[in-house]
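One structure is given below, encoded as structure tokens.
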Amino acid sequence: MGDRVTSAVLPFLSDVLYAALRAAGWEKRGEIVRLVQTLKGGDRPKNAEGEFPGVAVMPRSAWEPWGIFRKPLDGRVQDNLRRWNTGGLRRESDERPFTDVIPSERTPRQERKIADHPSLKPQRFMRQIVCAALPLGKGRILDPFLGAGSTIAAAEAIGYESVGVELDEHYYAIAEKAIPQLAKLYPKLGTGSKSAQAPAVMFDWKEANQTHDTAPTETEIVEQESLVPGQEMIQL
Ligand SMILES: C[S@@+](CC[C@H](N)C(=O)[O-])C[C@H]1O[C@@H](n2cnc3c(N)ncnc32)[C@H](O)[C@@H]1O
């Protein structure tokens with residue numbers, strides 16, 4: 001297993017999660033900014049909207065933090081890479097290291113049709129995160145909160161071994177069906193080969209960084225986030 005934890009969280013809660021991970025002995029190594037338009041935040045004060053029409057209680061989030069943590073190293077980075085195949089992030093290319101701001105999109109409709117889960121993450125984004133998580137392309141990706149399987153599908157597409165764990169039987173059944181279908185999408189963004197070795201050809205990063213989003217309407221976001229119109233994501 002790799003030693004790295006990457007977790008998505010709401011911007012206003014990230015410090016709570018990060019403090020817990022640090023308390024559990026993990027080191028923070030950075031934070032990925034997933035640029036994505038959401039409906040989180042931006043609401044007027046609840047039940048006083050008319051009185052304070054010009055106030056937003058919290059900013060409307062146009063990004064999602066993904067903390068990067070690792071277990072404290074056993075020796076130098078190079079020692080860990082040799083011994084455990086871990087200790088760093090896989091580069092995008094010789095010219096460009098993995099970089100922490102990733103333009104993204106709301107999960108496309110075709111992926112949501114395949115995998116009906118309220119928190120499904122998009123393949124374009126997940127494949128970048130998953131690819132980076134194994135610096136030498138060796139080891140195994142673990143997603144202990146599988147959901148509908150976007151992480152495991154990304155690992156399949158790239159050719160990494162992976163394991164997922166899901167508490168909810170309904171979501172587990174969805175994931176079982178969805179993973180092979182999600183993994184087949186976007187052939188340019190995957191190697192399609194199962195190999196314990198680093199795949200010789202990585203996927204096309206420029207293609208992966210494409211976003212196909214135009215600014216979403218609130219109706220589209222509501223549909224995406226599985227809310228009913230009028231329901232708020234965060235109640236304050
Ligand atoms: C935020 S969702 C993950 C969504 C996933 N990233 C995807 O794209 O489909 C978290 C999932 O973790 C599951 N879960 C919550 N607690 C769990 C636990 N203790 N063990 C395993 N799964 C758990 C929930 O049922 C939920 O499906």
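Please give the FRET efficiency for residue 46 paired with residue 184, using the beta carbon to beta carbon distance and R0 = 45 Å, rounded to the nearest 0.05. Please report the intermediate quantities before stating the final value.
Working: r = 44 Å, r/R0 = 0.97.
Once the sixth-power term is evaluated, E becomes 0.55.
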Exercise. For each of 44, 106, 76, count neighbouring Cβ atoms within 10 Å of the residue's Cβ, then give the residues from fewest to most.
Key: 76, 44, 106
Quiz item: What residues qualify as long-range amide H neighbours of residue 164, i.e. H under 5 Å apart, gap of 5 or more or another chain, H built at 1.01 Å from N?
Solution: 143
Self-check item: Calculated FRET efficiency for the pair residue 165/residue 77, C-beta based, R₀ 30 Å, to 0.05
Solution: 0.55
Exercise. For residue 40, enumerate residues with amide H under 5 Å from its amide H, sequence gap 5+ or separate chain, H modeled in the peptide plane.
Key: 61
Quiz item: Full extension from residue 140 to residue 93: what is 0.36 nm times the residue separation minus their Cα-Cα distance, to one decimal in nm?
Solution: 14.8 nm
Quiz item: Using the per-residue mean of other Cβ atoms lying within 10 Å as a proxy for protection, in what order, highest first, do the peptides 166-176, 137-147 fall?
Solution: 137-147, 166-176
Quiz item: How would you classify the stretch 9-84 from its alpha-carbon gyration tensor, with a ≥ b ≥ c the square roots of the eigenvalues: rounded for a/c under 1.5, else prolate if a/b is greater than b/c, otherwise oblate?
Solution: prolate
Self-check item: Neighbour-count ranking [beta-carbon atoms within 10 angstrom, fewest first] of 113, 184
Solution: 113, 184
Self-check item: Placed amide H near residue 29: partners under 5 Å, 5+ positions off or other chain
Solution: 68, 69, 70
Quiz item: Within the stretch 24-179, what percent of beta bridges assigned by DSSP are antiparallel, to the nearest 5?
Solution: 55
Quiz item: Going by average Cβ neighbours within 10 Å, how do the peptides 18-25, 126-133 rank, with the highest at the top?
Solution: 126-133, 18-25
Quiz item: Arranged by the count of other C-beta atoms within 10 angstrom, fewest first, what order do 7, 14, 104 take?
Solution: 7, 14, 104
Self-check item: Out-of-range pairs (alpha-carbon distance over 18 Å; input 113/184; 121/184; 40/121; 46/121; 121/177)
Solution: 46/121
Quiz prompt | From phi via Karplus (6.51, -1.76, 1.60), per-residue ³J(HN,Hα) for the stretch 14-31 in Hz, x at Gly/Pro | solution = 4, 5, 5, 5, 5, 4, 5, 5, 4, 4, 7, x, 8, 9, 7, 10, x, 8
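No lab work stands behind these numbers, since they all come straight from the coordinates. All figures in this text were calculated on a predicted structure; none of them were measured in a lab. Reconstructed Cβ throughout: ideal geometry from the backbone, glycine too, with neighbour counts over all protein chains shown.
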